[in-house]
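Encoded as structure tokens, the structure appears first; notes follow it.
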Amino acid sequence: MDDQKRAQEMFGQLTGKVVETMTVWADANQRVLRELVELSTATAKEGVRLCGELQQGALETLRSSQTAAAAHWQSAWADGTKDPGHLYQKALMTGVDGVEKAFKLMEGQAQAITRSAERLQTSAEQAGKGIQETYTAIVEKMKDVYQS
């Protein structure tokens, strides 16, 4: 009878440790999933923000180019018949100005992408730190469970 009672006690302790282990791992999985969801959310928000910045820059450049070109060419054609060399010079300067605006736009977009990548890196580092802290806590909890 004594052996049967001891076997039941051991079985009860083992069952308790298994349940506690499963609880610890379920909690850890929930924390890790929370970190990953937060990272995914931050990534999606950053993607939308970046897209908006890129579109805004492109639209501003397009608007200013169209307005300036319309006004420029209207006056240039009127004066072009009197001085064709001046018309050619204006056309050349307009082309150079367009290239300069395109490079400024690309520079602004590159800066926006860099800022976005930095924000994403920060979010990823925070998520990684949270996950690492979770697993460090699990190791400690599991040591406590199986040492007792």
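Here is how the numbers come out for the structure above:
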item	result
Spacing of the two label points (7 Å from each Cα toward its C-beta) at residue 9 and residue 29, in nm	3.4
Residues residue 56 and residue 96, FRET efficiency given R0 of 25 Å [Cβ-Cβ distance, rounded to 0.05]	0.50
Given charges at Cβ of Lys, Arg, Asp, Glu: the chain dipole, positive-most of 122, 33, 94	94
Cα-centre dipole for the chain with unit charges at Cβ (Lys and Arg positive, Asp and Glu negative), debye to 20	280
Euclidean distance of C-alpha centroids, segment 1-16 and segment 117-136, integer Å	44
Computed lengthening from residue 82 to residue 142, 0.36 nm per intervening residue step minus Cα-Cα distance	12.6 nm
Net +/- balance of residues flanking residue 60 in space, Cβ distance below 14 Å, scoring K and R +1, D and E -1	+1
Relative pair counts by distance (%), Cα atoms of segment 2-147, 10 Å bins	10, 20, 15, 13, 11, 9, 8, 6, 4, 2, 1, 0
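Since every read-out is calculated from the coordinates, none of them should be taken as a lab result. This structure is a prediction, so every number in the text was calculated from the model and none was measured. Cβ coordinates were reconstructed from backbone atoms using ideal geometry, including for glycine residues, and neighbour counts include every protein chain displayed.
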